[in-house]
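Please treat every number below as a calculation from the coordinates, not as lab data. The structure presented is a predicted model; accordingly, all values stated were derived computationally and were not measured. All Cβ positions, glycine included, derive from the backbone under ideal geometry; neighbour counts span all protein chains shown.
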Amino acid sequence: MSEKISSTRLSSARRPILWGWLRRPWLAVFLFAGVLMALLGASGQGDRDGDKVVAANDTADRESPHPTPADPRSANYNQWRTNEPGEYRRYNQRASLLQRGKGVYAKYCVGCHGANGDGQGPASVRLITKPRDFTKGIYKFRSTDSGSLPLESDLHRTIANGLSRVSMPAFPLMPEQEKVAVIEYIKSFYPDWEKEKNNRKIVSIPTAPQDLDKQERVLRGRIVYLAMQCGKCHGSDGAGTGATQTEYTDAWGNPQKPLNFTRGSLKGGDNPEDIFRTFHTGLRSIMPGYGGVTLAAVNIETFESQKSYLREGELEQLDPYLESFPKTASEVFTQMDESQRQQLVKRNSWDLVAYVLSLQQKFSTAQAVLGQPRSVPRSDLNGETP
Ligand code: HEC
Ligand code: HEC
């Protein structure tokens, strides 16, 4: 009760002051500014209406009624349509994230990946491996199965670590917020991202065992490599020797070089988990994904068919490890239960990783310059790349 009285008293006390203000002469200036702003607002509205017409024509043959973020009109994100209650707020938050991402992209990525995200930035003409065309929604380095979109964390890894062997730089110092924003922005070049993202199937990557430099694992991995015919593209020695497939056109219509494991770092990373991920998920349109069944089915019969690729004396070296493989594929599927097969998939996968890692030659700069490459066992490197 007493509060009410005091508030009434306050408001009546304010009134004379307000009237005093209104009688001041600069009120005219104030009113004039108001009219001017209203006029400007109206003309801005006019522009926007003009834009709407353009947008309507422009998107007539596209699915989405929204301007794409590459479009300069997207700066005006108030026009983004909302369909559900509360969606407006979400849209605006997303739109401002996209705005920030667009700024980051314009600063660091546009020169290669292009203003429209189609990989045709001005620098792309000089690059052998062309920058990614983001408009197709196809990515190489994923933790998802071959047909799926990548996870946001996959894009994050690519941006933070870069891709070895090609021009894609690493941005380890880019603030986290900028990475998140630019990821949202490059996603938006693919119109069906939101629709397809729920179909992503994640390929789980277990933690690597510690003994990958053990001779037994490397030699067993050699058998898996031959039996699975990785050599068809990578060469029987992992350096391209005897590869039958040497020319590719990748998913984006660009020429693609096969990969030599013995030189330099791998694009998707050199950690055992990275290699595991690469052959389990495949590199879309370039290299198939090797799933559990294929990895379990490695057997003596499939290995024998590849014997002609063996180097001299190699068979004797591999012989003791052959007995750890089933004789035929049917043995795997008739005489083993699911858990035994899973064990085999795991063992074969990590042995294959061990073999691929063993192929990487580590040179010191001096050795590379003087042309005396020497293979250094991985265990001597303490994780450093010389
Ligand atoms: C100097 C050129 C260059 C710049 C600058 C550049 N990229 Fe790339 N980027 C590439 C190339 C080339 C590839 C394709 C590599 C390949 O196919 O092996 C690529 C591929 C990618 C991929 C796809 C990886 C996959 O899994 O397929 C992503 C994501 C990417 N870049 C993001 C970015 C972002 C974000 C920026 C800016 C912060 C950026 N890039 C800046 C050259 C560049
Ligand atoms: C149909 C051809 C083909 C077959 C078969 C194939 N690969 Fe590949 N693989 C490629 C090509 C091409 C690349 C290079 C991709 C690139 O540079 O972007 C590659 C790259 C890789 C990479 C490196 C990716 C990176 O991070 O740089 C690994 C690891 C790999 N392959 C493992 C294997 C294994 C293991 C097998 C057998 C189970 C195999 N590949 C079979 C074509 C093939």
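The table for this structure:
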quantity: Within segment 276-328, tally of residues that are of a type in the set (Ser, Thr, Tyr) and over 21 Å from Leu219 (Cβ atoms); calculated: 4
quantity: Only listed residue being among the charged types (D, E, K, R), farther than 17 Å from Leu357 by Cα, more than 16 Å from ligand 2 (Cβ to nearest atom) and without any contact (Cβ under 8 Å) to a residue 12 or more places away in the chain, chosen from Lys201, Lys195; calculated: Lys195
quantity: Exclusive hit being farther than 28 Å from Phe261 by Cβ and assigned to a loop (DSSP other than H, G, I, E, B), set Leu173, Leu98, Leu163; calculated: Leu173
quantity: Selection status of Leu259, in contact with a His (Cβ under 7 Å, 6 or more places away or on another chain) and within 21 Å of Arg132 (Cβ to Cβ); calculated: yes
quantity: Members of segment 267-316 found to be in a helix (DSSP H, G or I), closer than 25 Å to Ser204 by Cβ and hydroxyl-bearing (Ser, Thr, Tyr), listed by number; calculated: Thr278, Thr281, Thr294
quantity: Selection from segment 114-133 of residues that are within 16 Å of ligand 2 (Cβ to nearest atom) and touching a residue at least 40 places away in the same chain (Cβ under 8 Å); calculated: Gly119, Leu127, Ile128, Thr129, Lys130, Arg132, Asp133
quantity: Positions within segment 207-260 being part of a helix (DSSP H, G or I) and within 11 Å of ligand 2 (Cβ to nearest atom), in sequence order; calculated: Gly221, Val224, Tyr225, Leu226, Ala227, Gly231, Lys232, Cys233, His234
quantity: Residue under evaluation Gly231, criteria (1) small (Gly, Ala, Ser); (2) in contact (Cβ under 8 Å) with a residue 24 or more places away in the chain; (3) within 16 Å of ligand 1 (Cβ to nearest atom), criterion not met; calculated: (3)
quantity: First in segment 281-305 and on the phi > 0 side of the Ramachandran plot, second anywhere and among the charged types (D, E, K, R) and away from ligand 2 (no atom under 13 Å from the Cβ), Cβ under 9 Å, 6 or more apart; calculated: Gly282/Asp145
